[in-house]
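Notes follow the structure.
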Amino acid sequence: MFRNQYDTDVTTWSPAGRLFQVEYAMEAVKQGSAAIGLRSKTHVVLACVNKANSELSSHQKKIFKVDDHIGVAIAGLTADGRVLSRYMRNECINYSYTYESPLPVGRLVVQLADKAQVCTQRSWKRPYGVGLLVGGLDESGAHLYYNCPSGNYFEYQAFAIGSRSQAAKTYLERKFENFMSSSREELIKDALIATRESLQGEKLRSSVCTIAVVGVGEPFHILDQETVQKLIDEFEIVRDDEPPAEPQPAAEQDAPADQGTGADQGAAAASPDVAPMDI
């Protein structure tokens, strides 16, 4: 992506009015594994895809608890995300110690954006190469914000960032009108389906995704793998179930043509979950 002589310094403007180093930092967010956020009136759900560098290594943590009422999901450079989540944690602790009340989500997001903006204006610093989905609950309700490496921030009803996130965004755009009235379970289901969309063909399992929830009367916490797998099985993400169900009528029509009679038909009826390729 090397452009020209105008991208060697973060403080150098191009004639077109662009800061290429900031744009490169935003490109780093697109290279990270997907992170997804949704909110209703009472709950916020964060989800991310766990992607390991190799089969021999574990995945890096992508969702961090900031306070009992705030959490963050990241896409991009994980090390930058850890530093910023620690900064957010310190701000929450200091505010709580000073005012004896939880830090409003919007104020924390503005402080985070100001910190990111400074890195676009100093030649001896580089922009943070990470995007953050900040979900939280305060007196004004549930909130979901996206913090960009450029220092911009936006509030969303639902959003997805990272690699292959466009498919998840398309799903969220189709469904977002129902999110405000959704229950906790419905939000988690939509988060799991959006996560599956970003996998693009890979089977959704609890080992490849992480889900976190915060809501009214429910402090921010990350669901364990067993709970996530139970939810996947309970909601049954439909795409994996539909193909086996379709070939059954064809198998029943072909049965009289074969001379296998009742034994073969009984075997077919006893195994409705056989994959299409095995039929």
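The values are calculated or read from the model by the stated rules, or taken from the named source; none is laboratory data. Please read these numbers as outputs of a predicted model, since none were measured by experiment. So basically every Cβ, Gly included, is an ideal-geometry build from the backbone, and we count neighbours across all protein chains shown. With ligands, DNA and RNA removed, areas are computed over all heavy atoms of the protein, side chains included. Shrake-Rupley method; radii C 1.70, N 1.55, O 1.52, S 1.80 Å.
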Taking into account only those residues within the range 1-26 that are loosely packed, with under 14 Cβ neighbours inside 10 Å and among the aliphatic types (A, V, I, L, M), which is modelled with the lowest pLDDT?
-> 1
For residue 29, state whether it is under 19 Å from the mean Cα position of the chain (by Cα), part of a helix (DSSP H, G or I), among the aliphatic types (A, V, I, L, M) and buried (at least 18 other Cβ atoms within 10 Å of the Cβ).
-> yes
Single match in 49, 44 (criterion: β-branched (Val, Ile, Thr), open to solvent by 10 Å² or more (accessible area, probe 1.4 Å) and touching a strand residue (DSSP E or B) at 6+ places or on another chain (Cβ under 9 Å)) = 49
Selection from the range 96-115 of residues that are in contact (Cβ under 8 Å) with a residue 24 or more places away in the chain and out of contact with any helix residue (DSSP H, G or I) (no Cβ under 8 Å at 6 or more places or on another chain) = 96, 104, 105, 106, 109, 110, 113, 114
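Okay, residues lined up against (1) in contact with a Phe, Trp or Tyr (Cβ under 8 Å, 6 or more places away or on another chain); (2) not in a loop (DSSP other than H, G, I, E, B):
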{"site": "85", "(1), (2)": "yes, yes"}
{"site": "95", "(1), (2)": "no, yes"}
{"site": "133", "(1), (2)": "yes, yes"}
{"site": "149", "(1), (2)": "yes, no"}
For the range 166-193, what are the residues that are out of contact with any Asp or Glu (no Cβ under 9 Å at 6 or more places or on another chain) and assigned to a loop (DSSP other than H, G, I, E, B)?
-> 183
Is one or more of the residues making up the range 118-129 touching a residue at least 40 places away in the same chain (Cβ under 8 Å), surrounded by 19 or more Cβ atoms within 10 Å (Cβ to Cβ), of a type outside the set (S, T, N, Q) and within 22 Å of residue 36 (Cα to Cα)?
-> yes
Residue 37 passes all but one of (1) open to solvent by 10 Å² or more (accessible area, probe 1.4 Å); (2) in a strand (DSSP E or B); (3) of a type outside the set (Phe, Trp, Tyr); which number fails?
-> (1)
Residues of the range 194-222 being in a helix (DSSP H, G or I), under 12 Å from the mean Cα position of the chain (by Cα) and either within 22 Å of residue 143 (Cβ to Cβ) or not acidic (Asp, Glu) (or both), in sequence order, are 194, 195, 196, 198, 199, 208
